[in-house]
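The block underneath contains the structure these notes are about, expressed in structure tokens.
The values are calculated or read from the model by the stated rules, or taken from the named source; none is laboratory data. All values derive from a computational prediction rather than experimental measurement. All Cβ positions, even for glycine, are placed from backbone atoms using ideal geometry, and neighbour counts span all protein chains on display. Keep in mind that these areas ignore ligands, DNA and RNA; they rest on the heavy atoms of the full protein, side chains included. Shrake-Rupley method; radii C 1.70, N 1.55, O 1.52, S 1.80 Å.
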Amino acid sequence: MIRFVSHCYAKNNYQYASFLKIQLESIKAAANHTPGIDIVVCFCLEDAQTVNVINEYIDQMDNVLIPLAMRDAELFRRSIGRNRATKLPTHSGDLPKFYWFTDVDYFFSPDIAIQVDKAYSSINREAILFYPKFGYIQRSHSEGDLAKNVTGIPDVSTWKKKRHSRAIGGIQIVNGHWARQNGYVPTGKWSQPRTDGKPFGDFQDDLAFRKIVEIPGTGLDIPGVYRCRHTCKTY
């Protein structure tokens, strides 16, 4: 089983709600293709645009979508939501084999769970942190900036291949047993709510996480990983 963990804050920017729609469409298709997938979406109740998307998909995705409402200062520290997501039970009672800590601008192919298992079977099973060696991204930021009123998953036929060298941002895959035992940066600055009022804006929680596991991650050949480009930010 794979549990995806994502964050969305679209209070001041419609794009993030549009990206969440794309992401949820892809997870819905993946869960239909390979049962044993769910996604925890961290959000705050004051963010009406994200709440609207969650309300739209919650019935469609039944036991797959798990909303995790947080105070905005907690939401803006990704570590807090990721820590909590490793403690949440699954609807099936099964324990996730992997936690995929992602961002809202990523989405995935329907066979993503099969691809992860296939890649994992070829490496040292004691490894803790993994990442896809490559993904695909839109050819320009302006193409991504068109994301609005999304009705489905984008056509990715012209997207560029992008190679990854370590587990960063939205491509961190963690051994499930280890994550449940240790969480994700459970102590220190990055586990505390923000006090400066800024939404996200610095992403050093993943640097802190790599210091904890003391490795950059093991690259896996996992096709079917896509990222929407965009220039608009909320921070």
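Given the condition in a loop (DSSP other than H, G, I, E, B) and either over 16 Å from residue 176 (Cα atoms) or more than 16 Å from the chain's Cα centre (by Cα) (or both), answer yes or no: does some residue in region 19-35 qualify? For region 19-35, residues in a loop (DSSP other than H, G, I, E, B) and either over 16 Å from residue 176 (Cα atoms) or more than 16 Å from the chain's Cα centre (by Cα) (or both): present. If you go through region 30-50 and keep only what is under 14 Å from residue 104 (Cβ atoms), of a type in the set (A, V, I, L, M, F, W, C) and out of contact with any strand residue (DSSP E or B) (no Cβ under 6 Å at 6 or more places or on another chain), you end up with 43, 44. In region 107-127, the count of residues that are of a type in the set (Phe, Trp, Tyr) and at pLDDT 95 or above is one or more. Take the residues of region 16-50 that are more than 16 Å from residue 102 (Cβ to Cβ) and touching a Pro at 6+ places or on another chain (Cβ under 9 Å): which is most open to solvent (accessible area, probe 1.4 Å)? Per the stated criteria, the residue is 32. Condition first: open to solvent by 40 Å² or more (accessible area, probe 1.4 Å) and within 20 Å of residue 112 (Cα to Cα). Can you find one or more residues in region 4-12 that meet it? No, region 4-12 has no match at all. Taken over region 160-175, the criterion of being modelled with pLDDT under 95 and open to solvent by less than 10 Å² (accessible area, probe 1.4 Å) is satisfied by 167, 170. Reported count of residues in region 48-89, each being under 17 Å from the mean Cα position of the chain (by Cα), touching a residue at least 60 places away in the same chain (Cβ under 8 Å) and either more than 23 Å from residue 11 (Cα to Cα) or part of a loop (DSSP other than H, G, I, E, B) (or both), is 5.
If only residues of region 208-218 that are surrounded by fewer than 16 Cβ atoms within 10 Å (Cβ to Cβ) and under 14 Å from residue 165 (Cα atoms) are counted, the one that is modelled with the highest pLDDT is 216.
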